[in-house]
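These notes are about the structure you will find just below.
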Amino acid sequence: MSIEQLSQILSPPTRRTLSDEVVERLRRAILSGQLTPDEQLRENTLAEFMGVSRGPIREALRQLEREGLVINRSNGRSFVARLSYQDLEEVHSLRRVLERLATEYACQQATPEDLAEMQAVVDDMTVRLVQGVMSEQEAAELDLRFHDVLYRISGHQRLLSYWTTLRPQIYVFLLSRNVASADFREAMVRGHQAILDAIKDRDKVKAQSMVEEHLDFAYVRVISSYTQATDDQG
């Protein structure tokens with residue numbers, strides 16, 4: 001390969017575009033709960049608030065639609081996603097498979113430092129639960145933070161990549177319905193501690209069983225809330 005060919009391949013990376021910045025800011029607003037499910041995203045309003053033209057806003061909304069965080073309705077209007085039953089079923093069934101594998105690898109790979117990091121997340125959940133200060137957003141973020149660590153310590157990079165892709169949609173589900181009630185928060189803390197204890201014991205079978213129980217509980221909870229919301233609207 002010639003020097004010229006090599007220089008073309010290894011040319012400096014392009015600078016972030018304005019639409020990249022807009023995507024990041026909108027994504028952060030959705031995932032933090034500042035923009036809530038079913039909230040309309042008006043291009044002109046967003047452009048005015050963010051001090052940009054409508055072009056970057058339009059590009060950003062298309063990107064967020066590909067990520068599953070924004071839905072573009074048939075009337076051309078964009079809304080923060082409130083995902084469907086089928087979306088929930090597909091995400092849950094895929095996550096169930098991925099998380100079993102992540103848990104298996106974590107039981108093999110986790111170092112004392114990794115386990116301490118996971119325990120710190122559970123301890124944070126416990127403190128907030130006892131103090132009664134865990135908001136819906138905090139409950140969702142702490143839940144996902146635990147699983148962030150689980151996938152990372154598995155050491156399986158492709159598995160981590162799949163989790164990164166699913167994570168925003170899982171967050172939307174958790175924010176879409178009231179999963180931060182007292183019984184859910186208590187079960188969330190117990191479930192994560194049980195998973196962690198099994199990983200500490202290097203008990204792959206028990207850890208996988210605890211993960212499945214944890215995911216199924218959350219799935220039933222969200223499905224029930226969707227059903228209740230549908231009945232209320234009817």
Going through Ser135, Ser161 one at a time, which residue ends up being among the polar types (S, T, N, Q), under 18 Å from Ala187 (Cβ atoms) and surrounded by fewer than 17 Cβ atoms within 10 Å (Cβ to Cβ)? Ser135
From the list Glu48, Glu65, which one is assigned to a helix (DSSP H, G or I), assigned by TED's automatic domain parsing to the domain that holds Asp20 and either within 21 Å of Thr164 (Cβ to Cβ) or modelled with pLDDT under 90 (or both)? Glu65
Candidate set: segment 25-42, residues that are crowded, with 18+ Cβ neighbours inside 10 Å and at pLDDT 90 or above; chosen: the one farthest from Arg73 (Cα to Cα): Leu26
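The values are calculated or read from the model by the stated rules, or taken from the named source; none is laboratory data. Everything quoted here is computed from the prediction, not taken from an experiment. In this analysis, Cβ positions are derived from the backbone assuming ideal geometry, glycine residues included, and neighbour counts consider all displayed protein chains.
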